[in-house]
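> Dropping the structure in here first, questions after.
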Amino acid sequence: MPPLARRAERRGDHFVVCGDGPLAYRITEELTSRYNERVTVIMPSRQRNYGPQIAALARVRVLEHPELSTGAFTDAGVQNARALAVVWQDDVGNFHAGLRGPS
C-alpha cells in the first residue's frame, strides 16, 4: 500500500474515529500502527465493547460521549482533523452525526 501524503501536504494533524466496534478498532489500529498517525476516538465508554483495546493503542486519545453531539465533535477537534470516520452501530445516528461534522 502506498504511504500517506507527506505531512507538509496535509490538512489537519489527526484523524477522528467515532465508534467502539470492530471496524472502529481496525481503522484506528491501521492509522496508528501502520501510518504512525494520531487518532482521537469518540465512544460512549472506554470500558465496553472494543473500548479497552482501542484505548490501549499508542497515539490514541479516547473521548467518552454518549452521543455524537456538536460538543463531542468540538472536544475531538474535528474542525482540524484530516478525516472523520463515523462507524457507530446506529445508521440514523451516523447520518445525523455526518450532518453535524465539519463542513
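The values are calculated or read from the model by the stated rules, or taken from the named source; none is laboratory data. Fair warning: this is a prediction, and the values are worked out from it, not measured in the lab. Neighbour counts are summed over all protein chains in view; Cβ atoms, including those assigned to glycine, are modelled from backbone coordinates with ideal geometry.
> Residue 25 - would you say it is closer than 19 Å to residue 78 by Cα and either at pLDDT 95 or above or in contact with a helix residue (DSSP H, G or I) (Cβ under 8 Å, 6 or more places away or on another chain) (or both)?
For residue 25, the condition - closer than 19 Å to residue 78 by Cα and either at pLDDT 95 or above or in contact with a helix residue (DSSP H, G or I) (Cβ under 8 Å, 6 or more places away or on another chain) (or both) - is met.
> From the residues in the range 12-26 that are touching a residue at least 40 places away in the same chain (Cβ under 8 Å) and in a helix (DSSP H, G or I), which one is nearest to residue 69 (Cα to Cα)?
Ranking the candidates gives 24 first.
> Quick check: anything in the range 42-59 of a type in the set (Gly, Ala, Ser), part of a helix (DSSP H, G or I) and modelled with pLDDT under 95?
Scanning the range 42-59, I find no residue that is of a type in the set (Gly, Ala, Ser), part of a helix (DSSP H, G or I) and modelled with pLDDT under 95, so the answer is no.
> Return the residue satisfying two criteria in turn: it lies in the range 82-103 and is among the small types (Gly, Ala, Ser) and either in a loop (DSSP other than H, G, I, E, B) or modelled with pLDDT of 75 or more (or both), and of such residues it is farthest from the chain's Cα centre (by Cα).
Only one residue fits best here, namely 103.
> Of the numbered conditions (1) touching a strand residue (DSSP E or B) at 6+ places or on another chain (Cβ under 8 Å); (2) part of a helix (DSSP H, G or I), residue 79 fails exactly one; give the number of that condition.
Against the list (1) touching a strand residue (DSSP E or B) at 6+ places or on another chain (Cβ under 8 Å); (2) part of a helix (DSSP H, G or I), residue 79 comes up short only on (1).
> Give all pairs with beta carbons closer than 7 Å in which a residue from the range 58-78 that is under 21 Å from residue 37 (Cβ atoms) meets a residue that is surrounded by 15 or more Cβ atoms within 10 Å (Cβ to Cβ) and among the hydroxyl-bearing types (Ser, Thr, Tyr); count only pairs at least 6 apart in sequence or on separate chains.
Filtered contacts from the range 58-78: 58/32; 59/32; 60/28; 60/32; 61/40; 63/40; 76/40; 77/40.
> Suppose the filter is over 15 Å from residue 12 (Cβ atoms) and in contact with a Pro (Cβ under 7 Å, 6 or more places away or on another chain); does residue 44 pass it?
When the stated conditions are applied, residue 44 passes them.
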